[in-house]
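Input: a single structure, listed below in structure tokens.
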């Protein structure tokens, strides 16, 4: 009997960075995916060395992604790659993704989805044409506690929403480290590789996505200010936005890469007529619930808590007090993506739980977010800017 | 030998509210002030009952503040009141304060200083004419940890500042409780008693003051949005402002009275080129310091820590681990005010530590803050609004 | 009409230490007590200087407590002191306390109540004979959250109790600082001034008291180990005890003065059949409640929370989010003591809330605790030692 | 070219429990191990269903572990299993482990290593005879922050140690849930399956191991009390021990399964002459460092912090602020075990970092811990009990 694991090929993600290994762990953890091939770097030496470190046979370590897609297509159907994961700078998302889709290969992409909004829309069109599955690693939407938050809000536990605060402070770019090598700052602060936005593309998109994901509401207009605090940097490294969402909900988004001491402090607080919910990524297995005139409730998110929603339970691996973290959140995206692809292969309808991963539509909206905040944030005249479609 | 305690008369603050007793405790704690008279309510019955509860002799419990100022003036010099503390709705700050100053009586006032900016400027002029002392109870500036924050920033520990986040979320007005009696919401949500701003007058002013106090910088322009979330309420109960401060510093201010579960969660984070500092009022005896590439430092603020500044040490009462709180912060304002008045009486120069309390100039700027944020916050056209002088 | 304030005389507590000022603030804060006289030091110069700093008239600053008691007795009844507060090393608690009681003067005493158990029993007998009021400043029993904990346990919210953990780690004696001057370590580590126990007398008694206070149960036997970690110190600076309480409840007590980084970290956790409660003194306005299969509840202790017990409400001064601390807890002991004395003077029955302060019986049991833990803790042979009566 | 992955066979760990999937994720995450066969349950149906869920071919899903070891031995050398992981109740650790070792198969075992001390010693002897590798999943020693703690203590950062507090409170056995099915409590509370100790075997051993691991010191004698709080339970569900370690260090161990609200709250605090360190498993990526007269340092444990030891860095996967958790700690044991086995296969010397996983000697000492605490804890006569060899 054949293995039923999905076969993954990787574009980028070599051993000189750290994010490739994160993707790999997230993909492998659930025993539903195996790495079968890859082109891990634009440098063939690095690609080869990485492939060996990842235990691949020589013949499936490729020098270019074009070569990979071509040669894999020649393999017997049951051996060739099922999906490609693309872990490259933003500038280099679109081409391999489009090539994969054109060859009937599913795709997992890092966010933001593309370099430009136009590319994003082209991917959307291709996904719609082909019916293939595209997952976007907005990893914070993979945390069970975030899913619990979404489920409770959707169930009306907070009543009609009023006010959202979403923050993503980091401090690692407080100095101009991009002019040194050996870090991930280079392409992120280079508009030719990252796109129109720096801070807002890299982390602002995560904050925006979290806000729309948990609330189930869309941003409609925005008043923003972007800043570049570090001299010589050609792109934003900080910014804030007042966002008007559907149904009169007001959201405040603050993101910064110069807030020294904040490692990766994305957090969100949502308030409605009947209560409030808070989640802090660096303490990810808890949710804080407030209702009027009652004690605060600290909702632990673990497998043995009967009070959790089905949406959360589906994505939990451990009983309470056994912390899950970033890699498990990442793995939830891979697992749900893999289950969806498998269901599709089996000509079954994926369940709503399987479909709970960020997809091409999130990717398009993310690029629209970047367009909108850049337009609003560098302009001192227009106060409110409509969402750029 | 005569007692050297300062003699305090009180306007408002009767036993039907809680804030009068807070002022009293803060004033009495240091054994430098005694309560000698008062008119505690516009209701003479309540005033009398309160005066008795506060252990005053009958003849020094008054029915109106006018009567109090007149009759006290007839007492021997060493018996009469030295200063008046005014604990009334904003609408009723100005008249008793001005009357006190005109009679040579020092004043302690709740914030915001007055109902209108014009009144504030008139008080400033009178203070300058008379040389009397006016203290404003921006209580959060009284916390030792806040003073430590100010001292470290002034000493350059963070380098040039870049980004400030100041928040003041509360949740107690998430429902329209002001239509019921028995709470403090009534006058605070009534523009005829509170002034042009609700949330921003009541708590936004504290957040703004904290921001300018710890940074030593002034706000220059503002882009804001005010909201009223609770139907039927004629004044703001929520708002956010992007504030541009001197030297290019950007501050984000968020205040809300509908953020359910937040009791009184004022907090501030300041980031500069060289580090960051964070303070959270509900955990008030700690300061969090971040410098690049180093562990976070949790600076405990207690009398036995040699690493604390003189500015903080002067305002500490207990060794580490023996929590000080809101009443002690309040008491620091009273103590420094009392020492300043005593120095003035003794024809001595108060030390800088004695003068470290909010004064009439803070009061005027506070009213300008209200004018500016109301102008900016309800207007969807003008993005950036200059500070209203 | 005469002031109804209670008149306080002080023994010890001069300006060279910090604890006198703490007592004074706690006593004065509620406007029910005034300082009228004192002998603040065995050094008459320090006593005089302290009295002046405390705003006393010269004639009521005494050089010895004997002189104080004698001269005060000659004053008109309405002027003389009502009660004495004794703030001296343990060795010097008994004599002034006994002298006060013999002259009809109520007493407030620091803990442990006396130098020896015999002295404690003598004070108990005298209190019973005279009907006077003696309060002991086990300050941690003064915190509203501790009272809430006691109230909930008494109401059966945890079911029958099973297991208690009470800890009191400090770190300030990790070095032999007592051989330097200018700190409070000298008499505390000298068996001739502090009594049989060092760490266990100074802070172990607080931990034990908290354990019996919140549980309403008494310790029956003990297995303990005392340690002296700092070379040259003639008394315990650390210890642990397994304690068997009434009804089969097991308590674990750990106290240390060499746990570097712990300022004053007394905390208690109580578990019963139906739930658990936790309190941490350095974050004193919260109580953590656990029940099976439910989220943790963080119970904020503030004046506006309807879910709090009458026992707690009576001792709260501020609404939620306005932290109360150590001095307010201290002030609750003074206030309840003062109300009890006032009720007695008025020939009324004090209410249960008024009587909620540690008294002479707590003092005797505290001395028995010291006897028991010293007997158990330095003996490697006997495993379980019965409570020493 | 052949895959260089290690081939894993599993005993126990079927889909009806949760711990098998945890082991699997931990093993697979690093792409160095693949699951090739298993006998997942004593129920052949469950074993088969589990093997299919784990994507195994039918022919390598076995009904008994005896069958597995026999049939695997007949496979070509490059296909057969390299090591067995044994995830069964304690009673059933020894036989499959011994059978594996006898057939030249390496072993990963859950703790406690065996049912009895005798079995443990037999395994030790066999490991020494064969030179095979045996890893024990004392998972808490796999956390990078714990390794950082060990490294700093070994480097003398705390000076000579004095006092350790180690706790492991849980609450899930506060009711007698073992009489219901569908939970993991059954065999854990049955002395015929778990061994002499309940709470102390299941979680006390973890606490003890953590204490010896981070301190590098051994327990020499013990004074203890074990308790059974839940009526009808035939084994301890709570206990405390005062432990005397080498060099005069005193440790206090407290473990409980009836402390409601504690999910899995293992934590440790170590104090020496020069400082203290604290770690709390439920917030696992931080370490709290205290030195005299300095602010607390919160040491974040992430890949980008230059201040971390080599021992910690080796075991970190993510940059700061991207939480790692329980599964990653588990995976560190698997990874280091796998690297050691691989080095052995390659006839290379494993590095010290590779060898940093609990092994057969930890397993023997763990069984001695159980013997000692059971002897000390149920005996009211002997105060101090020597470590049982």
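Using a Förster radius of 22 Å, what is the FRET efficiency between residue D:192 and residue D:98 based on their Cβ-Cβ separation? Nearest 0.05, please.
The computed FRET efficiency comes out at 0.65.
Anyone know which of D:56, D:75, D:226 comes out most mobile in the 10 Å Cα GNM of chain D?
D:75
Considering every residue in B:285-297, what mean count of other chain Cβ atoms within 10 Å of its Cβ is obtained?
Working: counts 6, 4, 1, 4, 3, 8, 3, 7, 8, 8, 13, 10, 6.
Mean number of neighbouring Cβ atoms from other chains: 6.
Which value, in nm² and rounded to one decimal, describes the direction-averaged projected area of the C-alpha convex hull of segment B:298-361?
Result: a mean projected hull area of 5.3 nm².
Expressed as cubic angstrom per residue, what is the convex hull volume of the alpha carbon set of segment A:31-113? Please list the in-between numbers first.
Details: hull volume 8.3 nm³, N = 83.
Residue-normalised Cα hull volume stands at 100 Å³.
Once the Cα gyration tensor of segment D:192-315 is diagonalised, what are the square roots of 5 times its eigenvalues, in whole Å and ordered largest first, as equivalent ellipsoid semi-axes?
The three semi-axes for segment D:192-315 are 30, 18, 14 Å.
Between A:180, A:274, A:218, where does the largest GNM mean-square fluctuation fall for chain A, given springs only between Cα atoms within less than 10 Å?
In the Gaussian network model the winner is A:180.
Any chance you could give the angle, 0 to 90 degrees and rounded to 10, that helix C:144-154 forms with the longest Cα principal axis of chain C?
50
Using only Cα atoms and rounding to the nearest 10 degrees, what angle (0 to 90) does helix D:117-130 make with the longest principal axis of chain D?
So the inclination is approximately 60 degrees.
Pull out a ≥ b ≥ c, the square roots of the eigenvalues of the alpha-carbon gyration tensor of segment D:275-389, then state rounded if a/c is under 1.5, prolate if not and a/b is larger than b/c, and oblate in the remaining case.
It is oblate, given that a/c is not under 1.5 and a/b is not larger than b/c.
I'd like the mean, over residues of C:160-170, of how many other protein chain beta carbons sit within 10 Å of each residue's own Cβ.
Mean shielding count: 4.
Over all pairs of distinct alpha carbons, what does the Kirkwood formula give as the hydrodynamic radius of segment A:230-277, in Å?
13.3
Can I get the semi-axes of segment A:171-226's equivalent ellipsoid? Compute them from the C-alpha gyration tensor as square roots of 5 times the eigenvalues, in angstrom, largest first.
Values: eigenvalues 147, 28, 20 Å².
Largest first, segment A:171-226 gives 27, 12, 10 Å.
Going by the alpha-carbon gyration tensor, a ≥ b ≥ c the square roots of its eigenvalues, is segment C:5-63 rounded (a/c under 1.5) or, if a/c is not under 1.5, prolate (a/b greater than b/c) versus oblate?
Oblate, because a/c is 1.5 or more while a/b does not exceed b/c.
Compute the semi-axes of the equivalent ellipsoid of the protein assembly as shown, taking the square root of 5 times each eigenvalue of the Cα gyration tensor, and list them largest first in whole Å.
In descending order, the three semi-axes are 58, 44, 25 Å.
Springs between alpha-carbon pairs under 10 angstrom, Gaussian network model over chain D: which of D:328, D:78, D:102 fluctuates most?
Looking only at D:328, D:78, D:102, the largest GNM fluctuation is found for D:78.
Answer rounded, prolate or oblate for segment B:140-267, using the Cα gyration tensor with square roots of eigenvalues a ≥ b ≥ c: rounded when a/c is under 1.5, else prolate when a/b is larger than b/c, else oblate.
Prolate, since a/c reaches 1.5 and a/b exceeds b/c.
Normalise the Debye intensity by I(0) for segment A:255-314, one equal point scatterer per Cα, no solvent, then take log10 at q = 0.20 Å⁻¹ and round to two decimals.
Reported log10 I(q)/I(0), two decimals: -0.89.
Percentage of Cα-Cα pair distances in segment D:1-148 greater than 28 Å, rounded to whole percent?
15
Let me know the Rg and Dmax you get for chain B when you use only its Cα atoms, in Å.
For chain B, the Cα radius of gyration and maximum Cα-Cα distance read 20.7, 66 Å.
How would you rank D:223, B:55, going from fewest to most other Cβ atoms within 10 Å of each one's own Cβ?
Lowest count first: B:55, D:223.
For segment A:79-139 and segment D:261-300, write down the distance between their C-alpha centroids in whole Å.
Taking the Cα centre of each part, segment A:79-139 and segment D:261-300 sit 44 Å apart.
So for B:98, A:10, fewest C-beta neighbours within 10 Å to most, what's the order? Could the numbers behind the result be given before it?
Numbers: B:98 16, A:10 30.
By the 10 Å Cβ count, ascending, the order reads B:98, A:10.
Per residue of A:175-185, count partner chain C-beta atoms within 10 Å of its C-beta, then hand back the mean as an integer.
Taking the mean over all residues of the peptide, I get 1.
For chain B, what is the mean residue ellipticity at 222 nm derived from helices alone (per DSSP H run of n ≥ 4: -39500 (n - 2.57); sum divided by total residues; nearest 500 deg cm²/dmol)?
Rounded to the nearest 500, it is -9500 deg cm²/dmol.
Find the centroid of the Cα atoms in segment C:207-256 and in segment B:29-61, then give the distance between the two in whole Å.
47
Using alpha carbons only, how many degrees (0 to 90, rounded to 10) separate the axis of helix B:205-215 from the longest principal axis of chain B?
60
Starting from the Cα of residue D:128, step 7 Å along the direction of its Cβ; do the same at residue A:180; then give the gap between the two resulting points in nm.
For residue D:128 paired with residue A:180, the spin-label model returns 5.0 nm.
Expressed as a fraction of 2.2 N^0.38 Å, the rule-of-thumb size for a compact globular protein of N residues, what is the C-alpha radius of gyration of segment C:74-147?
Ratio of Rg to 2.2 N^0.38 Å for segment C:74-147: 1.17.
How high is the relative contact order of chain D, in percent, counting Cα pairs under 8 Å that sit 6 or more residues apart?
Over chain D, the number comes to 18 percent.
We did not get these values from a lab; they are worked out from the coordinates using the rules stated. Small disclaimer: the values here were computed from a predicted structure and weren't measured. FYI the Cβ positions are ideal-geometry reconstructions off the backbone, even for glycines, and counts take in every protein chain you see.
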